[in-house]
Amino acid sequence: MPLDESQNRLIADSTSDFSGLKALFINTTLKPTARAPSHTENLMGDSIDIMESCGVGVDYLRAADYDIAFGVSPDMREEGALRDDWPEKIWPKVKAAHILVLGTPIWLGEESSICRVIIERLYAHSGQTNDRDQYVFYGKAGGAVITGNEDGVKHIAKTILYSLQHIGYLIPPQADTGWIGEAGPGPSYGDRMEDGSHVGYDSTYTKRTLTFMSFNLMHLAKMMRDNGGVPTHGNQVSAWQ
């Protein structure tokens, strides 16, 4: 949806300098870009617009456009996979980003199968360390965007956000947003109706949660950047060993 007056005013009135931050949005729709538009991408685009308007450098990708092998190793070719785009095409973007947002549609009340693959591939790196001898995702912020026409937004957000914090991501307040229509078959987020309106664009709840999520992710990432990340006392791997 186009950013509304309240969202644009918040962007204009922001006194925080978010420039230099990097965010990565990974859309785990089951549809490759060449096949069909993505309703999840539609909603993620609003958060992307907010962050870019605040000076954040944003990368976006659809996981379905890549050949990402399933498994829990950093490079699944070493485990027998014939192809794996994760090590060269996805992981460098994940590693460079201060903010990671996972977006998924709802299928049978759960996140997409591709979303699970992405979480598992992130987990494959969870034993690696950063230059402060902490686990590699320490100091990064994580969020979730969910769309569908059946129940599951909060359940999926809980799954994604728990998974991200477990491997080291920091989760700010209100770190998720979503939209669902009436239960059962029907229009999805952003679909154009006969009267010219777009489904979901009038949802105050979705606008508010998306805006809060976007700013809270930026605030937390900025706090981590400006303060050198999570303090190291008590969480350095070699010191424990």
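List of remarks:
- Backbone N under 12 Å from the Gln236 label point (7 Å along Cα→Cβ), restricted to the range 121-143: 131-134
- When the Cα convex hull of the range 156-215 is projected onto planes of every orientation, the mean area is 5.2 nm².
- Only Lys, Arg, Asp and Glu carry charge here, each on its Cβ (+1 for the first two, -1 for the last two); on that basis the range 80-181 has a dipole of about 220 debye about its Cα centre.
- Apportionment of accessible area to carbon and sulfur, the range 138-204, percent (1.4 Å): 52 percent
- Counting only protein heavy atoms and a 1.4 Å probe, the chain has 49 square angstrom of accessible area per residue.
- Label point of His198 set 7 angstrom out along Cα-Cβ; within the range 135-163, amide nitrogens under 17 Å from it belong to 146-148.
- Carbon/sulfur fraction of accessible area - the range 1-116, other protein chains in place, 1.4 Å, %: 53 percent
- Spin-label pair Thr15-Asp85: with each label point 7 Å from Cα along the Cα-Cβ axis, the two points sit 4.4 nm from one another.
- For the pair Ala96 and Val72, a Förster radius of 22 Å applied to the C-beta separation gives a FRET efficiency near 0.50, rounded to the nearest 0.05.
- When the alpha carbon coordinates of the range 54-188 are projected onto the principal axes, the ranges are 46, 37, 27 Å, largest first.
- Within the listed set Leu217, Leu170, Leu82, the Gaussian network model of the chain (springs between alpha-carbon atoms below 10 Å) gives the highest mean-square fluctuation for Leu82.
- In sequence order, the range 31-36 has phi-based couplings of 9, x, 4, 5, 8, 6 Hz under the Karplus curve 6.51 cos²θ - 1.76 cosθ + 1.60, θ = phi - 60°, and Gly or Pro positions carry x.
- Against the compact-protein benchmark of 2.2 N^0.38 Å, the Cα-based radius of gyration of the chain scales to 1.02.
- Top of Asn42, Asn130, Asn149 by mean-square fluctuation, Gaussian network on the chain, Cα under 10 Å: Asn130
- Whole-angstrom Cα spans of the range 130-241 along principal axes, big to small: 62, 26, 17
- The distance between label points at Tyr205 and Ser126 comes to 3.1 nm (points 7 Å beyond Cα on the Cα→Cβ vector).
- Taking all C-alpha pairs of the range 1-78, those more than 18 Å from each other amount to 55 percent.
- Helical mean residue ellipticity (222 nm; -39500 (n - 2.57) per DSSP H run of 4+; nearest 500) of the chain: -10500 deg cm²/dmol
- Most mobile listed residue (Glu41, Glu194, Glu88) in the chain, GNM with C-alpha springs under 10 Å: Glu194
- Calculated Rg and Dmax of the range 87-130 using C-alpha coordinates, Å: 12.0, 37
- Assuming charge only on the beta carbon of Lys and Arg (+1) and of Asp and Glu (-1), the dipole of the chain about its Cα centre is about 560 debye to the nearest 20.
The values are calculated or read from the model by the stated rules, or taken from the named source; none is laboratory data. Every value quoted in this text rests on a predicted model; they were computed, and no experiment measured them. Heads up, the Cβs are rebuilt from the backbone with ideal geometry, glycines too, and the neighbour counts pull from every protein chain shown. The area values use the complete protein model at the heavy-atom level, side chains included, leaving out ligands, DNA and RNA. Shrake-Rupley method; radii C 1.70, N 1.55, O 1.52, S 1.80 Å.
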